[in-house]
Amino acid sequence: MTTLVAAGDSQLLGTPKLGEGGPIRLGLRENLGQFALLVVVNAFVGAMVGMERSILPAIAAEDFGLAARTAALSFIVVFGITKAFTNYFAGRFANRFGRKRLLIAGWLVAAPVPFMLMWAPTWNWVLFANALLGTSQGLTWSTTVIMKIDLVGPARRGLAMGLNEFAGYMAVAAAAFATGWIAAETGLRPVPFYLGVFFVVAGLALSLLVRDTTAHAVLESNLHEVTDSEPAAGDVFWRTTLRDRNLSSVTQAGLVNNLNDGMAWGLFPIVFAVAGMNLAQIGVLAAIYPAIWGVGQIATGALSDRVGRKWLIAAGMWTQSVGIYIVSVSGSFTGFGAGAALLGVGTAMVYPTLLAAIGDVAMPLWRASAIGVYRLWRDLGYAIGALLAGVCADLFGLTGAMWVVAALTFISGVSAAARMSDTRSQAKM
């Protein structure tokens with residue numbers, strides 16, 4: 001039987017008359033229209049990151065003469081730090097100001113980014129553009145995650161996160177391929193970034209059609225007879241970061257996952273170029289990893305609803321480690337593609353499962369805040385990974401840097417296996 005409540009029946013966090021005037025229902029099928037719209041919106045969110053993925057390291061070297069790996073990867077550091085801290089505040093602000101407002105604000109912040117990348121006269125312009133991009137991603141991607149979890153309720157949470165991340169990372173792959181191909185035909189700038197203008201316009205227009213989902217969180221909270229107020233920010237932060245074994249295990253795995261993604265984003269195009277790959281080939285190779293990551297999440301998100309979260313997370317981290325190692329010892333297009341594919345498989349096992357595990361453990365009243373804390377640490381992994389990869393590459397070479405990251409990824413899987421329980425059994429059904 002479908003559970004529903006009138007839109008104005010519940011109050012949460014001082015927000016009156018939630019909803020659009022009709023009954024509020026939990027479930028994927030019951031909210032299919034809004035859910036599908038959010039999936040499409042998140043595809044444009046992902047595409048904004050993908051437009052940089054295959055060509056910005058080349059721009060750093062060719063247009064701005066940045067030879068040191070640490071300097072060339074500084075754009076990822078800026079992106080990761082700004083996205084991480086925006087994630088944290090987005091989780092709190094989603095309850096205070098509403099999900100839809102944050103989503104629209106994120107697109108407005110992104111609007112100047114393509115133009116700045118097209119015409120940047122100095123590398124500092126590129127860094128500022130990536131600060132805006134990170135802020136935008138923190139607002140938009142965090143909000144689409146929270147809204148989908150609100151809509152579907154507990155039963156299909158893994159599938160919901162799989163579909164969300166599928167859309168985002170398939171778009172990352174498609175945009176990376178497209179900008180790599182366009183750059184091979186027209187040059188590195190400005191034409192490849194014309195796509196970004198379209199992504200912003202389309203994403204903002206569709207976001208205006210989205211309905212806020214705070215009322216769905218109200219309903220889920222009422223169904224579980226939760227009467228306590230939202231915990232203090234510090235309590236949620238430390239519970240998610242350290243005190244709760246499951247939440248902290250998820251947090252460290254997310255951080256290391258994005259640590260190796262930051263390395264892949266910054267170093268893989270350089271590794272491919274050193275091996276003699278042209279821009280078109282680099283675009284294909286840069287797309288393989290997020291494409292398999294994106295497609296695989298549909299299956300792995302749903303699978304985690306059936307078999308649990310813990311072993312998908314641990315095994316996924318180990319699979320990523322092997323994929324990174326294969327890329328590090330390869331020198332051909334085929335070898336690079338195989339390693340990137342395996343990295344994508346491992347990431348698909350982990351990414352939606354981590355988000356679903358957060359939803360299993362965190363109660364509705366503080367779930368958005370817990371997601372914000374998780375995404376704070378997870379996306380700091382971009383900055384840590386880029387810094388670590390850059391320093392190690394300058395000291396030990398590209399291969400040595402990838403070995404360090406592969407080892408850390410493997411250890412992360414061991415930690416998750418040792419500390420986590422099956423959070424699926426804790427989901428509020």
Single condition Trp403 does not satisfy, out of (1) surrounded by fewer than 22 Cβ atoms within 10 Å (Cβ to Cβ); (2) free of Cβ contacts under 8 Å to residues at least 40 places away in the same chain: (2)
Positions within segment 116-150 being assigned to a helix (DSSP H, G or I) and of a type in the set (Ser, Thr, Tyr), in sequence order: Thr135, Ser136, Thr140, Ser142, Thr143, Thr144
Qualifying residue in segment 85-98 (condition: closer than 25 Å to Arg156 by Cα, among the polar types (S, T, N, Q) and surrounded by fewer than 23 Cβ atoms within 10 Å (Cβ to Cβ)): yes
Segment 72-88, residues that are polar (S, T, N, Q) and under 12 Å from Gly381 (Cβ atoms): Asn87
Matching option when the condition is closer than 22 Å to Trp141 by Cβ, at pLDDT 85 or above, out of contact with any Leu (no Cβ under 8 Å at 6 or more places or on another chain) and not basic (Lys, Arg), among Asp394, Asp379: Asp379
Subset tally (residues that are closer than 26 Å to Trp123 by Cβ and in a helix (DSSP H, G or I)) for segment 162-189: 13
Single condition Ser249 does not satisfy, out of (1) surrounded by fewer than 24 Cβ atoms within 10 Å (Cβ to Cβ); (2) out of contact with any Ser or Thr (no Cβ under 6 Å at 6 or more places or on another chain): (1)
Any hit, segment 61-76, residues being out of contact with any Cys (no Cβ under 7 Å at 6 or more places or on another chain), crowded, with 24+ Cβ neighbours inside 10 Å and under 19 Å from Asn42 (Cα atoms): no
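Is it true that Pro23 is in contact with a strand residue (DSSP E or B) (Cβ under 7 Å, 6 or more places away or on another chain) and at pLDDT 65 or above?
Working: in contact with a strand residue (DSSP E or B) (Cβ under 7 Å, 6 or more places away or on another chain): yes; at pLDDT 65 or above: yes.
Taking the combined requirement at face value, the residue satisfies it.
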Conditions (1) in contact with a Gly (Cβ under 6 Å, 6 or more places away or on another chain); (2) more than 23 Å from Thr214 (Cβ to Cβ); number of the one not met by Leu26: (2)
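Conditions (1) among the aromatic types (Phe, Trp, Tyr); (2) part of a helix (DSSP H, G or I); (3) within 28 Å of Asp244 (Cα to Cα), marked per residue:
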site: Ser369; (1), (2), (3): no, yes, yes
site: Leu380; (1), (2), (3): no, yes, yes
site: Ile384; (1), (2), (3): no, yes, yes
site: Leu387; (1), (2), (3): no, yes, no
site: Val391; (1), (2), (3): no, yes, no
site: Leu395; (1), (2), (3): no, yes, no
site: Met402; (1), (2), (3): no, yes, no
site: Phe410; (1), (2), (3): yes, yes, yes
site: Ala418; (1), (2), (3): no, yes, yes
Search result, residues across segment 92-132 that are under 15 Å from Leu208 (Cα atoms) and of a type in the set (Ser, Thr, Tyr): none
Helices (runs of 4 or more DSSP H) enclosed by segment 35-99 - at least 1 residues per element that are of a type in the set (Ser, Thr, Tyr) and in contact with a Phe, Trp or Tyr (Cβ under 9 Å, 6 or more places away or on another chain): 74-97
Residues that are in contact (Cβ under 8 Å) with a residue 40 or more places away in the chain and surrounded by fewer than 22 Cβ atoms within 10 Å (Cβ to Cβ), drawn from segment 412-429: Val414, Ser415, Ala417, Arg419, Ser421, Asp422, Arg424, Ser425, Gln426, Ala427, Lys428, Met429
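The values are calculated or read from the model by the stated rules, or taken from the named source; none is laboratory data. These numbers come from a predicted model, not from an experiment. With ideal geometry, Cβ positions are generated from the backbone for all residues, glycine too; neighbour counts draw on all protein chains shown.
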